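Heads up, the thing below is written out as structure tokens.
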Number of protein chains: 2
Amino acid sequence: MKIVVIGGVAAGTSAAARAKRLNPDAEIIIFERDSDISYSGCGLPYYISNIVEERDDIIIYTPERFEAKKGAKVKAQHSVEDILVDSKEVIVKDLLKNKEKKLKYDKLLIATGASSIIPPLPGVELDNIFSLRNVHDADKIVDFIEVNNPKKAVVIGGGYIGLELTESLLEQNIDVRVVEKAEQILTNFDSDMADIVLEHLKEKGVEVITGDGITEFKGEENVEQVLTESGKELDCDFVVMSIGVKPNVELAQKAGVGLGETGAIKVNSRMETSVSDIYAAGDCVESTHLLTGNPVWIPLGSTANKQGRVAGSTMMGVEGEFKGVLGTAISKVCDLAVARTGLTFAEAEAEGYEVVSSVIKSGNHSGYYPNYNKFTVKLIVEKDSGIILGAQVIGDAKFAGVDKRIDILVTAIHNQMKASELIDLDLAYAPPFSIPKDGVMVAGIVADKQRNK
Amino acid sequence: MKIVVIGGVAAGTSAAARAKRLNPDAEIIIFERDSDISYSGCGLPYYISNIVEERDDIIIYTPERFEAKKGAKVKAQHSVEDILVDSKEVIVKDLLKNKEKKLKYDKLLIATGASSIIPPLPGVELDNIFSLRNVHDADKIVDFIEVNNPKKAVVIGGGYIGLELTESLLEQNIDVRVVEKAEQILTNFDSDMADIVLEHLKEKGVEVITGDGITEFKGEENVEQVLTESGKELDCDFVVMSIGVKPNVELAQKAGVGLGETGAIKVNSRMETSVSDIYAAGDCVESTHLLTGNPVWIPLGSTANKQGRVAGSTMMGVEGEFKGVLGTAISKVCDLAVARTGLTFAEAEAEGYEVVSSVIKSGNHSGYYPNYNKFTVKLIVEKDSGIILGAQVIGDAKFAGVDKRIDILVTAIHNQMKASELIDLDLAYAPPFSIPKDGVMVAGIVADKQRNK
């Protein structure tokens, strides 16, 4: 059994490790265009902020260590140029030697990930315009900051990555302006919740410009100014673009592998594509939303990891199923933890649900215990059934237990619990950890009351 | 509508507040034997350790504030001596004036709580033998420490309260020996998990003696020595007894209110007792275990709070149901958070389940992010169905996210999830908060594998 894996980050390495474990005799080879494999993409902002001091720390395995530990072969700086579906071969290019060769596969996994979107604006080719997707991108930013000691940055895009980067740059004592084309930052939150983060950023001295797109970058060799649709001219020493990502599907498309309506590769729950013996997993595939049943493209490390594991199983003929996602995400933005799952109020309405909601502030633990703190939870509930459709939680990143509350709600939504049933949960109470009637329960009670109004 | 509530701590005040809110015209009166109402019993160890500096901080409402805020009358230092079921009256004694009077009720709530068990051992009447159940008990310990600056304590009982107290006394630079009659501390944990806590206590310099009961207290006026079954003579400046509690059911029993097989008051899910118009809630009642369906007596503040709320509703003719408990509990023992829910391995076997289990160590969040820490999770799973029956989680109290993991598992068990389904949860991942495949998921996978062995 010969397995070829295209892409060696989260999904690719998970799949290879799983497959090798299930069948130690299988010949498994990973091709990765980059020189790094198996790194934590989500950790890159912390490498830039210098919270993670060593570059190596965000690299889980080097190619050598992965081969030694997991038994799959790794060819870094090798690009798969073509998939020959009929002959079940791939054409692989050694990027260092600039040489191509053909290789047979029995099963193929496409785990080509996603890339930053760089819009073709005037001046976009200027120096010191960065994006952040892989370790090399981060290296460039880290090196630039170290060498040039810049004072002013413009971050384009007010999503998770943009805001995590904002935090990273603030940690390096750089003034940051964030420009977001949409009317609010964090567009996958309801605006009332996103406003909490906006206020926090302002307190941190960040200028946030919303509802304004970029028209041009100006400068000689280096970028010096960012021009916006509303006519703003933003001086800067450098720019980081984080307006979004797109799935890397060109190779799959060329091979006739079907894409879904989101534009990412379509797979079933076994991670099988439309072409037999070709599987796909990670940031290049779309998933099923567990609430709506609709295809969604929400590329995240945790999802990639799980999908890779499933593909590793099913390629080996072992049972495995990736059922879908709830769109859960969490992010640290300066001192805040910012989390969401399921549908926002706006998303739920757009999906045709009739919904009610509650927004509650609650203590993280007993008021008399040190580090008392409040978090805000918003609950979105179907009016008719009372079933919870979504939740957003924001609070202090260190103390407020935002991650706990969102994960309780993830588990509740996964099980189609009603808002009124949250109070029935026998959650753990002791003064250092919680309060007798946790905020998620109160949010449930309040949302349930809204249903009968 | 006239409602009499006997007992003014968690259940009594919750019920009174809820009932008044539902029916502002109702006449509601709380009688409390003690001078304090509405205090956090669970907070008492932190008052002793001086983490909570002001006594007032653990008192949520004084009688005056409760009356002003919630609109129910409060009579502290009033003891209900008798319930006259036929005439629907209570005989109340004003403990300060030593005067009794009769009072009519339409609905009565018994929320008499529980008391410390003090075994009738020789010398138990000596001075400086304390227990900890209410604020006055805590006052005595606090005053004793302040005045006498003691060096050595013996804590009798290695349950939550005993170990929380141990932490409190260590914080006051007092040497602590813990004596536990059972073969292990924390008898509601499996011994492999309790051993983690045992090791931690030893590291903190605590001598823990298990499998040894107390036979006698020796001393002139003050206790000076504790003698044990095995012949040990433990010198000490004072003793704290925390061998357990018993439900306060004498009043109920005298009135013909039925007790359950646990010895606590039997109630239905509406918190109704066997006598019409008499309700009971809090530490004096037994609950249904949500997994086994058996009656259990697990007196906890969070449960009392919820039961009180339900009683407040149902006394007012409003729908309300307390479905039962999973036996969830969490405790801080020095630097550790120690949590459990559902059944232990031993408990599950005793209930007749055929079970398998997994014990996993997992990172709290990404290894490269500050305050990386590991927690241990044990999962108990029914062999045949794969359904999770219980979980125990132990790890660093500040950083390991023990409370998060136990609450995810509480919610999973509540919804009868299988161990193999935990991996399907779309839990929130970002480096400061978690890892892509959380320890609870890995524990699920490993336990599931055990089923097929």
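Assorted remarks:
- Anisotropy class of the stretch A:15-142 from Cα gyration tensor, a/c 1.5 cut: oblate
- Contact order relative to length of the stretch B:336-451, as percent, for alpha carbon pairs under 8 angstrom and 6 or more apart: 32
- Prolate/oblate/rounded call for the stretch A:312-453, Cα gyration tensor, a/c under 1.5 rounded: oblate
- Once the C-beta distance of B:Asn222 and B:Asp143 is scaled by a Förster radius of 22 Å, the resulting FRET efficiency is 0.95 to the nearest 0.05.
- Neighbour cut-off at most 14 other Cβ (10 Å), DSSP loop, trypsin sites (Lys or Arg not before Pro), the stretch A:106-178: A:Lys151
- Inter-copy label distances for B:Gly317: 7.0 nm (label point placed 7 Å from Cα along Cα→Cβ; shortest first).
- For A:Gly213, distant residues with modelled amide H under 5 Å away: A:Glu229, A:Ser230
- Positive-end extreme of charge dipole, the protein assembly as shown - chosen from A:Gly213, A:Val226, B:Gly282 (charges on Cβ): B:Gly282
- Using C-alpha pairs under 8 Å with a sequence gap of at least 6, the mean separation divided by the residue count of chain A gives a relative contact order of 13 percent.
- The separation of the stretch B:390-453 from the stretch A:141-190, counted between C-alpha centres, amounts to 33 Å.
- For B:Tyr279, A:Tyr353, order by how many other beta-carbon atoms lie within 10 Å, fewest first: A:Tyr353, B:Tyr279
- When the helices of the protein assembly as shown are scored as -39500 (n - 2.57) per DSSP H run of n ≥ 4 and the total is divided over every residue, the value at 222 nm lands at -7500 deg cm²/dmol.
- Label-point distances for A:Asp25 to the equivalent site in the other copies, using a point 7 angstrom along Cα→C-beta, read 8.4 nm when ranked shortest first.
- Dipole check for the stretch B:1-145: with +1 at the C-beta of Lys and Arg, -1 at the C-beta of Asp and Glu, and the Cα centre as origin, the magnitude is about 780 Debye.
- Dipole magnitude for chain B: computed about the Cα centre from +1 point charges on Lys and Arg Cβ and -1 point charges on Asp and Glu Cβ, it is near 1540 debye.
- The order of B:Glu347, B:Glu125, going from fewest to most other C-beta atoms within 10 Å of their C-beta, is B:Glu125, B:Glu347.
- Taking Lys and Arg as +1 and Asp and Glu as -1, the other residues whose beta-carbon sits under 14 Å from that of B:Gln450 total +2.
- Alpha-carbon centroids, the stretch B:313-388 and the stretch A:43-122: separation in whole Å: 40
- Sorted by Cβ neighbour density within 10 Å, fewest at the top, the residues B:Lys104, B:Lys418: B:Lys104, B:Lys418
- Shape of chain A, Cα gyration tensor, a/c cut at 1.5: oblate
- Inter-copy separations for A:Val85, label at 7 Å along Cα-Cβ, nm, ascending: 7.9
- Across the stretch B:314-327, coupling constants 3J(HN,Hα) worked out from phi with the 6.51/-1.76/1.60 Karplus curve, θ = phi - 60°, read 5, 4, 8, x, 9, 4, x, 8, 9, 7, x, 10, 9, x Hz, and Gly and Pro carry x.
- Local electrostatic count, A:Glu382, Cβ distance below 10 Å [Lys/Arg +1, Asp/Glu -1]: +1
- Applied to the stretch B:390-405, the Karplus parametrisation 6.51 cos²θ - 1.76 cosθ + 1.60 on θ = phi - 60° returns per-residue 3J(HN,Hα) values of x, 8, 9, 10, 9, x, 4, 5, 7, 10, 7, x, 4, 5, 4, 5 Hz, with x for Gly and Pro.
- The value of relative contact order for the stretch B:118-243, using C-alpha pairs under 8 Å at least six residues apart, is 36 percent.
- Across the stretch A:168-174, coupling constants 3J(HN,Hα) worked out from phi with the 6.51/-1.76/1.60 Karplus curve, θ = phi - 60°, read 4, 6, 4, 4, 9, 6, 9 Hz, and Gly and Pro carry x.
- Rounded to the nearest 20 debye, the dipole magnitude of the protein assembly as shown is 1800 debye, with +1 charges on Lys and Arg beta carbons, -1 on Asp and Glu beta carbons, and the Cα centre as origin.
Values in this text are rule-based calculations from the coordinates and carry no lab data. Quantities reported herein were computed from a predicted structural model and do not represent experimental measurements. Every residue, glycine among them, receives a Cβ derived from its backbone with ideal geometry; neighbour counts consider all protein chains shown.
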